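One structure is given here, and the rest of the page talks about it.
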Amino acid sequence: MAATATPGPILVLNGPNLNMLGTRQPEVYGSATLDDVVELCRRTAARFDREVVAFQSNSEGALIDRVHQARGVESGIVINPGGLTHTSVALRDALVIPELPIVEVHISNVHAREEFRHHSYISPIATAVVAGMGIQGYAAAIEFLARRS
């Protein structure tokens, strides 16, 4: 009997300014830090015998490069693109390249905020979108991807 291959890790990407979680606008984003987010993702993934690889950058190019590296390695992508959600066609185009399921996550409810936050270049290519659940949205995204593969 052939052994089944273990799915690759789930890539958790965080875009610009998310390294400032816990100190940046806690009334909007809460008091949890990016380290708290990554730990929550790892704990959630472990419940499904899965691993998480986390990456954060304030640089659009670094995020695009990391997305390219996911092809054939990771099994899915959880991404909070931050402000690049509303501006980056380049990041959107890169996310198609790995041919992986993608869950777009936003800590706040972007639809209840400024008008410019209502448009996402990522949502049309995402498998699922989670917004407004605080950092628990990351756990929901990890669980969703873990159950898919």
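The values are calculated or read from the model by the stated rules, or taken from the named source; none is laboratory data. For clarity, every value in this text was computed on a predicted model and none was experimentally measured. Heads up, the Cβs are rebuilt from the backbone with ideal geometry, glycines too, and the neighbour counts pull from every protein chain shown. For accessibility, only protein heavy atoms count, side chains too; no ligands or nucleic acids. Shrake-Rupley method; radii C 1.70, N 1.55, O 1.52, S 1.80 Å.
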Output for region 61-71, where each listed residue is open to solvent by 20 Å² or more (accessible area, probe 1.4 Å) and touching a residue at least 40 places away in the same chain (Cβ under 8 Å): ARG66
Selected residue (criterion: nearest to HIS106 (Cα to Cα)) from residues of region 21-32 that are more than 15 Å from the chain's Cα centre (by Cα) and either in contact (Cβ under 8 Å) with a residue 12 or more places away in the chain or buried (at least 17 other Cβ atoms within 10 Å of the Cβ) (or both): TYR29
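In region 5-20, how many residues are among the β-branched types (Val, Ile, Thr), touching a helix residue (DSSP H, G or I) at 6+ places or on another chain (Cβ under 6 Å) and open to solvent by 30 Å² or more (accessible area, probe 1.4 Å)? Working first, answer last.
Residues of region 5-20 that are among the β-branched types (Val, Ile, Thr), as a first pass: 6, 10, 12.
Filter once more, so that each one left must be touching a helix residue (DSSP H, G or I) at 6+ places or on another chain (Cβ under 6 Å): 10, 12.
Next, only the ones that are open to solvent by 30 Å² or more (accessible area, probe 1.4 Å) stay: none.
Count: 0.
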Sole residue being of a type in the set (Phe, Trp, Tyr) and surrounded by fewer than 16 Cβ atoms within 10 Å (Cβ to Cβ), chosen from PHE48, PHE55: PHE48
Single condition SER120 does not satisfy, out of (1) in contact with a helix residue (DSSP H, G or I) (Cβ under 7 Å, 6 or more places away or on another chain); (2) part of a helix (DSSP H, G or I); (3) among the small types (Gly, Ala, Ser): (2)
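Only residues that are among the small types (Gly, Ala, Ser) and open to solvent by less than 40 Å² (accessible area, probe 1.4 Å): list them for region 97-122, please. Explain how you work it out, then say what you get.
In the first step, residues of region 97-122 are kept if they are among the small types (Gly, Ala, Ser); the result is 108, 112, 120.
Of everything in region 97-122, those that are among the small types (Gly, Ala, Ser) and open to solvent by less than 40 Å² (accessible area, probe 1.4 Å) turn out to be SER108, SER120.
Report whether or not LEU95 is within 13 Å of the chain's Cα centre (by Cα) and farther than 19 Å from VAL130 by Cα.
Values: within 13 Å of the chain's Cα centre (by Cα): yes; farther than 19 Å from VAL130 by Cα: no.
No, not satisfied.
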Qualifying helices (runs of 4 or more DSSP H) (wholly inside region 1-104; at least 2 residues being within 17 Å of ALA139 (Cα to Cα) and at pLDDT below 95): none
Hits in region 72-96 (condition: open to solvent by 10 Å² or more (accessible area, probe 1.4 Å), hydrophobic (A, V, I, L, M, F, W, C) and under 23 Å from ALA146 (Cα atoms)): VAL73, VAL96
Which listed residue, of SER75, SER88, SER59, is closer than 16 Å to VAL110 by Cβ and either touching a strand residue (DSSP E or B) at 6+ places or on another chain (Cβ under 7 Å) or not charged (D, E, K, R) (or both): SER88
